[in-house]
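See structure below.
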Amino acid sequence: MYRFSLVALLVVSITLVLTGCKDATLGPEVIGGIEGVVLDDETEEGVQNVEITTSPASDVVVTDAEGRFVFSEIEAGDYNLRARKSGYGTRSVSVRVRENRTSPVTLFLEEEDEDANERNLTAEVTNFINRTDNNGATSVRVEYRVRNTGNGTVPEYEVTFRIEASEGGDRLHQIQGEMLREEQSDVGDFVVELDGADALEVQVDELWFEE
């Protein structure tokens, strides 16, 4: 009888200890909040309808007419806020949410340049040299440069050169290229047979590229 009671008492004691540990581990949820405003970088006026998201993820909120937003009752911890709106560049900021506190945040958005994604390409003749071989056949060696002066990569391009010859009329020659990155140049040369004539002038006749 005494032995059974001792075993039962040990079981009850262990159960109480485990229950107490479980309750202590879970504990109450620690929450706080974020209160912020999104301003135009140039005018410093509030920007309306900006989508604000967090990482780790919580709710998605949108700024009001004054550019203000609120995240209420979110779990305390470190967050990364991201503000996005069409016509503006995306802006991110880090914020720490503390227990029973509201963390203030101010984000400035810059309007996107309308020409930010504009592609542009230039082509030029850098030099040309008339040549005559041992058999008297003539040709011209043309050196050129094509340069990406815009924003973003140019996927494909074509350049047509016009060669003004002393005899037989003008000659046309076309080159093709692809994947020319920002500020990158394609420097090259080509040779055109002139059948006894000389090149008087060489120039870019037409330039096409995929936008």
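Quick note: the coordinates plus some simple rules give every number you see, no bench work behind them. If you're wondering where the values come from, they're calculated on a predicted model, not measured in any experiment. No Cβ is skipped: glycine too gets one built from the backbone with ideal geometry, and neighbour counts run over all protein chains shown.
A few points about this structure:
- Remark: pairs (first residue in the range 80-91, within 17 Å of Glu42 (Cβ to Cβ); second residue small (Gly, Ala, Ser); Cβ separation under 6 Å; 6+ apart in sequence or on different chains) = Arg91/Ala83.
- Applying the condition of being of a type in the set (S, T, N, Q) and under 30 Å from Arg145 (Cβ atoms) to the range 64-123 and asking which residue is nearest to the chain's Cα centre (by Cα) yields Asn117.
- Any hit, the range 62-69, residues being in contact with a Gly (Cβ under 9 Å, 6 or more places away or on another chain), surrounded by 12 or more Cβ atoms within 10 Å (Cβ to Cβ) and aliphatic (A, V, I, L, M): no
- Residue match in the range 187-196 (condition: within 18 Å of Ala123 (Cα to Cα), without any contact (Cβ under 8 Å) to a residue 40 or more places away in the chain, out of contact with any Leu (no Cβ under 8 Å at 6 or more places or on another chain) and surrounded by fewer than 13 Cβ atoms within 10 Å (Cβ to Cβ)): no
- Near pairs, Cβ below 6 angstrom, 6+ apart or cross-chain, from the range 38-49 (within 21 Å of Val61 (Cα to Cα)) to any residue that is loosely packed, with under 14 Cβ neighbours inside 10 Å: Asp41/Glu110; Gly46/Glu66; Gln48/Ala65; Asn49/Val62
- Restricting Glu183, Glu143 to residues that are charged (D, E, K, R) and either surrounded by 12 or more Cβ atoms within 10 Å (Cβ to Cβ) or at negative phi (or both) narrows the list to Glu143.
- Taking (1) within 25 Å of the chain's Cα centre (by Cα); (2) more than 14 Å from Leu107 (Cα to Cα) in turn, Val37 satisfies each apart from (2).
- Lone qualifier among Asn100, Asn135 - being outside any strand (DSSP E or B), without any contact (Cβ under 8 Å) to a residue 24 or more places away in the chain, exposed (fewer than 15 other Cβ atoms within 10 Å of the Cβ) and out of contact with any Cys (no Cβ under 9 Å at 6 or more places or on another chain): Asn135
- Verdict on Asp59 being free of Cβ contacts under 8 Å to residues at least 40 places away in the same chain, of a type in the set (D, E, K, R), out of contact with any Pro (no Cβ under 6 Å at 6 or more places or on another chain) and closer than 29 Å to Asp186 by Cα: no
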